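Peer 1: Take a look at the following structure, please.
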Amino acid sequence: MMFPLFDENTAPEKAKQILAQTKDEFKMIPNLEKTMALAPALLESYVTCWNLFDNTSLSPIERQIVYQTANFENECDYCVPWHTLLAKQVKMSPEDIEALRNGAKLTNSRHEALRIFTQSIIRTHGKIAHSELDTFLQAGYTPEQALEVVLGIAIKTMSNYTNAISGTPLDRTVKSYQWSKPTIKLRKE
């Protein structure tokens, strides 16, 4: 196997402690972290950034919106199931969880502004129009939160790209939330 799945005993030395901490926190080690352990600097960066994002001014639901929007845009069939579970854990509405899984509009206009802003940053590689930033700010967000969205996208870039390169197998814990990007049906005129 080109990308082995390590645990806290078999990982490269610099990754062992991080995997042990992950196991303590999650009561398991997700396959993503097991894969990232091959590159301890990546694993450490991912875990550190994840913890930093948890301490931003964005609410737990808002953080899941950023994460899941990036997962959808990057077509990460590993991360969408995990963030479906995490969104349920922070009490996001079932309608919005499903909307995020389908790249669709959210029920709350403020949250929808966050989703669109995140999507625009990803699709334009950060080169959004001033009007898009204005719309985000008019929805009640701050310039600080605009930059916090960048942090969330950076975290998802690390995980989404790792999964794309390595083909990380989906964990049993989230098998029931399995996902593949929906195809868009074009209307015939």
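Peer 1: In the stretch 129-140, is there at least one residue being in contact (Cβ under 8 Å) with a residue 12 or more places away in the chain and touching a Lys or Arg at 6+ places or on another chain (Cβ under 8 Å)?
Peer 2: yes
Peer 1: Are there any pairs with C-beta distances below 6 angstrom linking a residue in the stretch 59-71 that is closer than 17 Å to SER109 by Cβ to a residue that is assigned to a loop (DSSP other than H, G, I, E, B), with the two at least 6 apart or on different chains, and if so which?
Peer 2: From residues that are closer than 17 Å to SER109 by Cβ, the pairs are ILE61/VAL90; ILE61/MET92.
Peer 1: Here is a further query. Taking the stretch 38-58 only, how many residues are touching a residue at least 12 places away in the same chain (Cβ under 8 Å) and of a type in the set (D, E, K, R)?
Peer 2: Count: 1.
Peer 1: A further question follows. Could you check how many residues of the stretch 146-172 are out of contact with any Cys (no Cβ under 8 Å at 6 or more places or on another chain) and assigned to a helix (DSSP H, G or I)?
Peer 2: Looking only at that region, the number is 13.
Peer 1: Hey, among GLU13, GLU25, GLU98, which residue is more than 17 Å from the chain's Cα centre (by Cα), surrounded by fewer than 14 Cβ atoms within 10 Å (Cβ to Cβ) and either under 21 Å from TYR177 (Cβ atoms) or in contact (Cβ under 8 Å) with a residue 60 or more places away in the chain (or both)?
Peer 2: GLU25
Per-residue answers, yes or no, for (1) under 16 Å from THR157 (Cα atoms); (2) under 10 Å from the mean Cα position of the chain (by Cα); (3) surrounded by fewer than 18 Cβ atoms within 10 Å (Cβ to Cβ):
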position: LEU52; (1), (2), (3): yes, no, yes
position: GLU62; (1), (2), (3): no, no, no
position: TYR67; (1), (2), (3): yes, yes, no
position: PHE72; (1), (2), (3): yes, yes, no
position: GLU75; (1), (2), (3): yes, no, yes
position: VAL80; (1), (2), (3): yes, yes, no
position: LEU85; (1), (2), (3): no, no, yes
position: VAL90; (1), (2), (3): no, no, yes
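Peer 1: Does the stretch 60-101 hold any residues that are among the charged types (D, E, K, R) and either under 15 Å from LEU114 (Cβ atoms) or modelled with pLDDT under 95 (or both), and which are they?
Peer 2: Answer for the stretch 60-101, where residues must be among the charged types (D, E, K, R) and either under 15 Å from LEU114 (Cβ atoms) or modelled with pLDDT under 95 (or both): GLU62, ARG63, GLU73, ASP96.
Peer 1: Filter the stretch 1-18 down to the residues that are at pLDDT 95 or above and assigned to a loop (DSSP other than H, G, I, E, B) and list them by number.
Peer 2: Residues satisfying the conditions are PHE3, PRO4, LEU5, PHE6, ASP7, GLU8, ASN9, THR10, ALA11, PRO12.
Peer 1: For the stretch 158-173, does any single residue satisfy the condition of being among the small types (Gly, Ala, Ser), touching a residue at least 24 places away in the same chain (Cβ under 8 Å) and more than 25 Å from ALA41 (Cα to Cα)?
Peer 2: No, the stretch 158-173 contains no residue that is among the small types (Gly, Ala, Ser), touching a residue at least 24 places away in the same chain (Cβ under 8 Å) and more than 25 Å from ALA41 (Cα to Cα).
Peer 1: Shifting gears a bit: All but one of (1) within 19 Å of GLU25 (Cα to Cα); (2) surrounded by fewer than 17 Cβ atoms within 10 Å (Cβ to Cβ) hold for VAL47; state the number of the condition that does not hold.
Peer 2: The one condition VAL47 does not meet is (2).
Peer 1: In this structure, is LEU106 within 24 Å of PRO94 (Cβ to Cβ), of a type in the set (A, V, I, L, M) and not in a helix (DSSP H, G or I)?
Peer 2: Answer is yes for this residue.
The values are calculated or read from the model by the stated rules, or taken from the named source; none is laboratory data. Computed from a predicted structure; not experimentally measured. Heads up, the Cβs are rebuilt from the backbone with ideal geometry, glycines too, and the neighbour counts pull from every protein chain shown.
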